[in-house]
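Worksheet: the structure to be examined is printed underneath.
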Amino acid sequence: MENVNLIFKVWREKRIKDILIPGDKRFNDFNLDGSVHAIRDMNLLIQDGERLAIIGHNGAGKSSFLKMISGIYPPTSGKLTVDGRISSMFELSTGFEMEQNGWDNIYLRGLMLGETPDSIKSKMKEIANFSELGDFLNMPVKYYSTGMFVRLAFSVSTAIKPDILLLDEVVGAGDAGFIAKATLRMKEMMKVSKIMVLVTHGMQSAIEMCNRCIWLERGNILMDGTPKEVTQAYVKSITGKN
Amino acid sequence: MKDYFIGLWRDRFILFSLVNRDLQAKYRRSVLGIAWAVLTPLGLVLIIGSVYSIIFGTDPKEFIPLLFAGLNPWIFMNAAAEGGTNAFLSAEGYLKQTTVNAQIFPLRVTIVNFINLLYSIIAFFAIYLFLQPQLFGPKMLLMFPGLIIMFLFALSLSNYSAVINLNLRDFQPIQSLVLQGLFYVTPIIYQPEMLAKRGFEFVYRINPFYYIMEVVRMPMLGLGLPEVSTYAIAIGLALSLFISSVVMVMNTKKGIAFKL
């Protein structure tokens, strides 16, 4: 796994149809034409060692962008090449087996992220320690708070030493202690993993954790540069409008 | 087709783990636990069996095993088809967050129900040994190839209903109704001869479920073996349905996250 080159080019155009609550036929009338063009003809190359922050308004296509990289959403057209093993963490509190306890969920989540039973079992202890959930791990996760889900999911996603780490504005839900710990963890991970992509609304975390930043707006890259420049421009545009 | 199996192999651990969870969850917090998998079909057959023997005067000694050998495979196929409708929908969290292979989910439903079927077969033999011990013989082993055919058939149903219901949520209630109807036209709670005598032989002759049932039920009862043509039809049906359902699942798999 040394010097894995991570190059992906995104050149594409994408439509997300049926993004409305599926099955509800009453909404079909206005959904007929209502395909959402989430990412428009985007060209982007992310290389080893880059920690990319993605900022932008709600609905700008940030999460779709992440999911496209991870392979969950296939591009409608264009070419997308991803080289390396991916670990990701998207919306919380889905993808958990609510009736199962924390341990079982670590195990299952690890498997889903591409671990084998043996490799995940050997990491269980480490994951549990990092999450600091202690005895809560013996409890069905349906009783967990949002912050606890974050701890669990983050601990698993970052424990498996991926080449590419995709995170969707998650760190925010943990408590202060955990955020500090998570930031440290992500910095550590940069030594192992080659690329990190972080979707965030926190300008501070973009500046602290990343070395490149893009601003997405309606599926277009509005600006691409250092986190400091881009976040400044972004904040300016918001405050300027109001 | 090849990708289907490669994907299953890649995610086999996830599959086993999910099946295990489903089985545990089913009997969680119940005192008798997994014993219910044996007790439920037993109870059901005793109820229907005694009603029939009282109302229609059938001999419970013969009728109860027949009912048992038909009803439980039916419940299995029915549950696989019904469970299939929800297979992708309930896996939304996984399918939207990870690149887990979607084809494991209809298979998961089928395996869980198949294991329940195996438990009920144990219950069947416990009763059968008590009622008709003289019918036991090596012929019964031919039940296993039959079960494989039935498994493939049920998996196809599960695949189909998973895909169709994903695109058209009305499918679930429609399928429920159709299956309910099929339950009555398939010789399960009566013998095929009863239909034949009244000149309705074609009703079960054109019913795919009949052939799939026969290759399991007849060896199980130890009464004789199905005809070669029955086997041929059952295998042909199961294979062609399976292949077409796999093609459908694999076509749906791409971009499945959009539809959830």
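Among B:182, B:147, the sequence by solvent-accessible area, most first, with a 1.4 Å probe is B:182, B:147.
Please work out the Cα center distance from region B:72-95 to region B:8-43, rounded to the nearest Å. Taking the Cα centre of region B:8-43 as reference, the centre of region B:72-95 is 14 Å away.
Listed values for region B:117-131 are Karplus-derived 3J(HN,Hα) couplings in whole Hz (6.51 cos²θ - 1.76 cosθ + 1.60, θ = phi - 60°), namely 4, 4, 4, 5, 5, 4, 4, 4, 5, 4, 6, 5, 4, 7, 8, and x replaces Gly and Pro.
If you run the Gaussian network model on chain B, springs between alpha carbon atoms under 10 Å, then out of B:59, B:11, B:22 the most flexible one is B:59. With each label point set 7 Å from Cα along the Cα-Cβ vector, what nm distance links residue B:248 and residue B:232? Placing both labels 7 Å along Cα→Cβ, they lie 2.7 nm apart. Averaged over the residues of peptide B:12-21, the number of Cβ atoms from other protein chains lying within 10 Å of each residue's Cβ is 4.
Once the C-beta distance of residue B:132 and residue B:90 is scaled by a Förster radius of 35 Å, the resulting FRET efficiency is 0.25 to the nearest 0.05. If you take all other residues with their beta carbon under 14 Å from the beta carbon of residue B:7, and give Lys and Arg +1 and Asp and Glu -1, the sum is +4. The mean sequence separation of alpha-carbon pairs under 8 Å and at least six residues apart, normalised by the residue count of region B:168-253, gives a relative contact order of 18 percent. Local charge for residue A:49 was computed over the other residues whose Cβ lies under 11 Å away, with Lys and Arg +1 and Asp and Glu -1, and equals +2. Here each label is just a point 7 Å from Cα along the line to Cβ, and for residue B:39 and residue B:198 those points are 3.7 nm apart. Most mobile of B:81, B:37, B:25 per a Gaussian network model of chain B (Cα springs, under 10 Å)? Sorting by GNM fluctuation, first place goes to B:25. Residue ranges B:207-213, B:127-133 sort as B:207-213, B:127-133 when ordered by packing (mean number of other C-beta atoms within 10 Å per residue, highest first).
The angle between the Cα long axis of helix B:36-55 and the longest principal axis of the Cα atoms of chain B comes to about 40 degrees, rounded to the nearest 10.
How much length is gained if the chain between residue A:121 and residue A:187 is pulled fully straight, taking 0.36 nm per residue apart and subtracting their Cα-Cα distance, in nm to one decimal? Don't skip to the answer; put the middle values down first.
Values: separation 66, 0.36 × 66 = 23.76 nm, distance 2.46 nm.
That pair, residue A:121 and residue A:187, stretches by 21.3 nm at full extension.
Amide H contacts for residue A:73 (H built 1.01 Å from N in the peptide plane; partners 5 or more residues away or on another chain; cut-off under 5 Å): A:68.
Near the amide H of residue A:199, within less than 5 Å, lie the amide hydrogens of A:54, A:167, A:168, A:169, all on another chain or at least 5 residues away, with H placed in the peptide plane. Choose one of B:219, B:27, B:244: the residue whose Cα lies farthest towards the positive end of the charge dipole of region B:2-259 (beta-carbon charges +1 Lys, Arg; -1 Asp, Glu; about the Cα centre). Positive-end residue among those listed: B:27. Return one number: the angle in degrees, 0 to 90 and rounded to the nearest 10, between the long axis of the Cα atoms of helix B:228-253 and the longest principal axis of the Cα atoms of chain B. Once rounded, one gets 20 degrees. For residue A:220, the residues whose modelled amide H falls within less than 5 Å of its own, excluding neighbours fewer than 5 places apart on the same chain, are A:40.
One Cα centroid belongs to region A:40-74, the other to region A:184-242; the line between them spans 12 Å.
Taking B:104, B:174, B:164 as the candidate residues, the one with maximal mean-square fluctuation in a Gaussian network model of chain B, Cα springs under 10 Å, is B:174. Annotation: the antiparallel percentage among DSSP beta bridges lying fully within the protein assembly as shown is about 45. A Förster radius of 35 Å, combined with the Cβ-Cβ distance separating residue B:170 from residue B:205, puts the computed FRET efficiency at roughly 0.70.
Counted residue by residue at 0.36 nm each, then reduced by the alpha carbon distance between them, the extension gain from residue B:3 to residue B:29 reaches 5.5 nm.
Working note: Karplus 6.51/-1.76/1.60 with θ = phi - 60° gives region B:183-188 the couplings 4, 7, 8, 8, x, 10 Hz, where Gly and Pro are set to x. Mean per-residue shielding of peptide B:160-167 is 1, counting Cβ atoms of other chains within 10 Å of each Cβ.
Working note: Karplus 6.51/-1.76/1.60 with θ = phi - 60° gives region B:3-19 the couplings 4, 4, 6, 4, x, 4, 5, 4, 9, 4, 5, 4, 4, 4, 5, 5, 4 Hz, where Gly and Pro are set to x.
Tally Lys/Arg at +1 and Asp/Glu at -1 over every other residue whose Cβ is under 14 Å from the Cβ of residue B:109; what's the total? Taking every other residue near residue B:109 into account, the sum is +1.
The values are calculated or read from the model by the stated rules, or taken from the named source; none is laboratory data. Fair warning: this is a prediction, and the values are worked out from it, not measured in the lab. Positions of Cβ are backbone-derived with ideal geometry, glycine not excepted, and every protein chain shown enters the neighbour counts. Note: accessible area is taken over every heavy atom of the protein model, side chains too, but ligands, DNA and RNA are not part of it. Shrake-Rupley method; radii C 1.70, N 1.55, O 1.52, S 1.80 Å.
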